[in-house]
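Read through the structure below, which is laid out as structure tokens, and then see the notes.
Every number in this text was worked out from the coordinates using simple rules, so none of it is lab data. Since this is a predicted model, take the numbers as computed values, not measurements. Glycine gets a Cβ as well: all are built from the backbone with ideal geometry, and neighbour counts include every protein chain shown.
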């Protein structure tokens, strides 16, 4: 499918199923290749790209099981939304053990502390006093970036949240994305690095728009 068709499809995206997770993980891994936070905590050796892909596969298959994943029919981009109910459910001990092995493999011993600080900053600043939809990931593969595909995927999810009367929340690590999300009604309520030397993380909230 060409880029024009993918852009059109992003306006009314399909919902990814279990059989699509591998493709979604690959698209998001490619999309986050230059992400400041992933670049800060991922290992810096020849295994970096493979471990980033492995990490996304784990996140989507295990931690993201309750998520709704929007993607164009032709792939190349994805928006991963977690429902509020899933955010309040603690991980099981087994999942924690699996997560620890996966995270350590992704970071190496020298950078595991960085990942833990990023996770702690996300948990600390995530508002949990109101029900909302959480945009966990939004990514477009490099060859399709700059064509409005991400904006269309985002708008589809926001329309759904607006219809349900739900606020939405996200984090981002790039000023370019801050501008994008502001155009869609999000506002920054907190910004700070996750630790010394870490990139800035912007925490953004959007109230639902009346229909």
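Overview of results
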{"item": "Gained length - residue 164 relative to residue 131, 0.36 nm times residue gap less alpha-carbon distance", "result": "10.8 nm"}
{"item": "Mean separation of Cα contacts under 8 Å (6+ apart) over length of segment 3-206, as relative contact order %", "result": "26"}
{"item": "Pairwise FRET efficiency - residue 156 versus residue 5, Cβ, R0 = 22 Å, nearest 0.05", "result": "0.85"}
{"item": "Cα gyration tensor, segment 3-206 - rounded (a/c under 1.5), prolate or oblate", "result": "rounded"}
{"item": "Of all DSSP beta bridges in segment 3-206, antiparallel share, percent nearest 5", "result": "90"}
{"item": "Span from the segment 157-211 Cα centroid across to the segment 22-47 one, whole angstrom", "result": "21"}
{"item": "Listed peptides 105-115, 69-79, 129-139, 13-23 by packing density, highest first (mean Cβ within 10 Å)", "result": "69-79, 129-139, 105-115, 13-23"}
{"item": "Extension gain from residue 46 to residue 84, taking 0.36 nm per residue of separation minus the Cα-Cα distance", "result": "10.0 nm"}
{"item": "Cα gyration tensor shape for segment 1-89, rounded if a/c is under 1.5, else prolate or oblate", "result": "oblate"}
{"item": "Label-point separation in nm, residue 34 to residue 14, each point 7 Å along Cα→Cβ", "result": "2.9"}
